[in-house]
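What follows is one structure encoded as C-alpha cells, with my remarks underneath.
The values are calculated or read from the model by the stated rules, or taken from the named source; none is laboratory data. As the structure is a computational prediction, the values presented were derived from the model and not from experiment. Counting neighbours? That spans all protein chains shown, and the Cβs are built from the backbone with ideal geometry, glycine included.
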Amino acid sequence: MTNEKIMVLDFGGQYNQLIARRVRECNVYSEVYPHTITLEQIRQIAPKGIIFTGGPNSVYEESSPKYSREIFSLGIPVLGICYGSQLIAFLEDGDVSSAPVSEYGHTDIEVDDPEDLLLYGVSAHTVAWMSHTDYISGLPEGFHVTAHSEVCPVAAMSCPGRKIYAVQFHPEVMHTPEGKTMLSNFVYRICGCKGEWKMDSFVSASIETLKKKIGSGRALCALSGGVDSSVAAVLLSKAIGKQLTCVFVDHGLLRKSEGDEVEAVFGPDGPYELNFIRVNASQRYYEKLKGVTEPEQKRKIIGEEFIRIFEEEARRIGAVDFLVQGTIYPDVIESGLGKSAVIKSHHNVGGLPSVVDFKEIIEPLRLLFKDEVRRVGLELGIPAQLVWRQPFPGPGLGVRIVGEITPEKVRIVQEADAIFREEIAGAGLENGLGQYFAALSNMHSVGVMGDFRTYDYAVVLRAVNTSDFMTADAAQIPWNVLSKVTTRIVNEVKGVNRVLYDCTGKPPATIELE
Ligand code: XMP
C-alpha cells in the first residue's frame with residue numbers, strides 16, 4: 001500500500017488523532033502510537049518521521065511521560081508539538097519553565113527564520129493556536145529560534161542538522177490557518193515523503209490483501225446500512241464475491257424506506273456480488289417491546305434480539321471462517337492504544353463475536369478515519385446518499401420514540417422524519433448540520449382540525465451542530481423551514497396535531513431522546 005509512515009507519539013494530548021488525520025490529508029500515512037513503544041519497535045516500523053504530541057503534563061514533573069533521548073539518534077526527523085516541543089528542549093538540556101502568563105487561543109506569531117524548512121512559505125506575521133502554561137525558556141545547544149510570540153521567546157525552534165523541529169503551538173488545529181503548510185513541510189521537505197497514501201491505492205491493496213488472507217474461506221458480515229459496515233461489505237465483496245454473506249436485520253425501527261434502500265444496494269438486484277440476507281423482524285421486535293417504556297430496557301431488548309437473530313442466521317449458514325466488522329480507527333484508538341487485539345464489541349451489535357462460531361475477525365477499515373471511510377466508499381462506487389448518511393443509532397427509532405414503542409408510533413415518526421429530511425435537503429441545509437431527525441414525544445395534547453377537537457401526538461424536531469457528538473448545540477434552523485415542516489407534518493401525518501422544536505444543547509440533553 002505504502003511504506004511511508006509518520007509516527008505520532010502519544011503523550012496524552014487532546015488533538016492526537018487530529019495530527020494523524022492532518023498528516024494523512026497530505027497523502028502520507030500516519031498512525032498514533034503510545035509513548036511506551038520501544039526504540040527497537042520504532043526501528044522495525046521505520047517511520048519517515050516522528051511527531052511528539054502535546055499533553056497535559058509538565059516535563060519537569062518526575063512522573064510526566066517522557067522518551068529516551070536516544071530517539072534522536074535514530075536519524076529519523078522529529079517534530080515536537082506543544083508538550084512535545086518542551087520535551088525536546090528538556091531531553092536536549094534546554095530550559096522549560098512555567099510561563100509568566102499562560103497563552104490560550106489565537107496568538108500572533110512572528111517568524112524569525114523564513115528559511116526554516118518547517119516554516120517555509122509561512123507568512124512573516126501569522127496566527128497560531130496556543131494552549132500552554134509552560135514554555136521553553138532556554139534554548140538547547142545547537143537549536144535556534146525560528147518564531148516567537150509576545151509571551152513565548154521560543155514559539156518554534158529547530159536544529160536542521162539533526163532534523164529536529166519544535167513548535168509551542170498546535171499546527172494541527174483549524175485555528176492555526178497556516179498549520180497545514182507546516183505539517184506538509186515536515187512530511188515533504190524534512191522527512192522526504194512522496195505522498196503515496198491515496199484512497200484508490202488503499203482500495204486496490206486492501207482487496208489484494210483480503211483475497212490472500214481469506215483464500216477460499218467464507219466470511220459473514222452484519223450489515224446495518226450505516227456507512228462503516230456498508231463500506232466494509234463492499235470491500236469484501238470486491239475481494240471474495242459470493243464467499244461473503246451479509247445479514248441485514250430490519251428491526252422495524254429504521255427510517256422510512258431505509259430497509260428497501262439497503263436492499264436495493266446490497267440485494268440480488270444491486271451491483272455487488274455477495275449473498276444478502278434481509279431478516280424482516282419487525283413483528284418480532286414489536287412483540288418483545290410491547291409495554292416496555294424504560295429507555296435502557298428498550299435498548300437492551302433491541303440489542304439482544306439483534307444478537308439472537310444474527311445467531312440464528314449464522315447457524316443456518318453454517319460455520320464461517322471470518323467475521324467482518326466495520327471498526328474504524330477512532331474506535332481502535334478509543335478502545336485503548338497498545339492493548340493489542342482487544343476485540344471491540346461493536347456499538348451496534350454488542351457481544352456478537354462471542355456468540356458466533358468463526359475463526360478470525362476481519363476489520364478492513366480499522367486504520368481509517370471516518371472521512372477516509374467515506375472516500376473509500378465513493379471510490380468503491382457506493383451511492384453518495386449512503387456514503388454521506390448521517391449517524392443513525394443502532395437501536396434506531398426505538399430511542400426516538402419516548403415511552404412504549406408501537407407500530408403506529410413508528411409509522412408517525414417515520415413519516416414526520418421523512419418530511420423533515422426532505423425539507424432540510426430542499427432548503428440546502430443538510431451539509432451544515434451534524435444530525436437532524438424527528439422524534440415522537442409521549443405527549444398527547446388538544447388541538448382543533450376543521451371543526452373538530454383532536455387529541456393527538458406531538459412530534460419533536462431535533463437538529464444539532466456538533467463535530468464529535470460528545471457535545472452539541474441546537475441548530476438555528478430558519479423559521480420559514482421549520483414552519484413549512486410543521487405545516488406538512490400536521491397535514492400529512494395522521495395522529496399528529498403539534499410540532500415542537502428541541503432547543504436544548506448537549507449537555508444537558510443528549511442528542512437522541514432516549
Ligand atoms: P447521544 O444521544 O448519546 O448520541 O447524545 C450521541 C451520538 O451517538 C448516536 N447513538 C448511537 N449510535 N448505537 C449507535 O450506533 C447506539 O446505541 C447509539 N445511541 C446514540 C447518536 O445518534 C448520536 O450520533
Scan region 104-120 and report the pairs whose first residue is more than 17 Å from H170 (Cα to Cα) and in the same structural domain as A155 (by TED's automatic domain parsing) and whose second residue is among the small types (G, A, S) and part of a strand (DSSP E or B), with Cβ atoms within less than 6 Å and a gap of 6+ or a chain change.
-> D112/A147; D116/S158
Condition broken by I240, with the remaining ones in (1) in contact (Cβ under 8 Å) with a residue 60 or more places away in the chain; (2) in contact with a strand residue (DSSP E or B) (Cβ under 7 Å, 6 or more places away or on another chain) satisfied = (1)
Examine region 363-371 for a residue that is assigned to a helix (DSSP H, G or I), modelled with pLDDT of 85 or more and surrounded by fewer than 19 Cβ atoms within 10 Å (Cβ to Cβ), and state whether such a residue exists.
-> yes
Quick one: which residue in I511, I412, I477 is under 29 Å from A281 (Cα atoms), of a type in the set (A, V, I, L, M), crowded, with 19+ Cβ neighbours inside 10 Å and modelled with pLDDT of 95 or more?
-> I412
Taking only region 476-514 into account, find how many residues are over 19 Å from Q414 (Cα atoms), away from the ligand (no atom under 14 Å from the Cβ) and in a loop (DSSP other than H, G, I, E, B).
-> 4
A careful count of residues in region 373-385 that are away from the ligand (no atom under 16 Å from the Cβ) and either among the hydrophobic types (A, V, I, L, M, F, W, C) or in contact with a Leu (Cβ under 8 Å, 6 or more places away or on another chain) (or both) gives 6
So which strands (runs of 3 or more DSSP E) stay within region 1-115 end to end and still have 3 or more residues that are surrounded by 20 or more Cβ atoms within 10 Å (Cβ to Cβ) and β-branched (V, I, T)?
-> 95-111
Out of the residues in region 296-328 that are at pLDDT below 90 and among the polar types (S, T, N, Q), which is farthest from I240 (Cα to Cα)?
-> T327
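Take K242 and decide whether it is under 26 Å from the mean Cα position of the chain (by Cα) and among the charged types (D, E, K, R). Walk me through how you get there before you give the answer.
Values: under 26 Å from the mean Cα position of the chain (by Cα): no; among the charged types (D, E, K, R): yes.
So K242 does not fit the description; no.
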(1) within 14 Å of the ligand (Cβ to nearest atom); (2) part of a strand (DSSP E or B); (3) aromatic (F, W, Y): which one isn't true of F469, the others all being true?
-> (2)
Among the numbered conditions (1) buried (at least 21 other Cβ atoms within 10 Å of the Cβ); (2) part of a strand (DSSP E or B), tell me where I382 comes up short.
-> (2)
Just one listed residue, out of P140, P100, is over 18 Å from G179 (Cα atoms), touching a Gly at 6+ places or on another chain (Cβ under 9 Å) and without any contact (Cβ under 8 Å) to a residue 60 or more places away in the chain, and it is P140
Somewhere in region 417-430, is a residue within 16 Å of the ligand (Cβ to nearest atom), modelled with pLDDT under 95 and not in a strand (DSSP E or B)?
-> yes
Which numbered condition trips up A264, out of (1) over 29 Å from I419 (Cβ atoms); (2) exposed (fewer than 15 other Cβ atoms within 10 Å of the Cβ)?
-> (1)
Taking the condition of a type in the set (V, I, T) and assigned by TED's automatic domain parsing to the domain that holds A281, does I382 pass?
-> yes
Taking region 199-244 and keeping residues in contact with a Pro (Cβ under 7 Å, 6 or more places away or on another chain) and not aliphatic (A, V, I, L, M) leaves S206
Keeping to region 387-416, report how many residues are more than 16 Å from the ligand (Cβ to nearest atom) and within 19 Å of the chain's Cα centre (by Cα).
-> 1
When every residue in region 443-466 that is in a strand (DSSP E or B) and polar (S, T, N, Q) is compared, the one nearest to the ligand (Cβ to nearest atom) is N465
For L440, state whether it is touching a Phe, Trp or Tyr at 6+ places or on another chain (Cβ under 8 Å) and within 16 Å of the ligand (Cβ to nearest atom).
-> yes
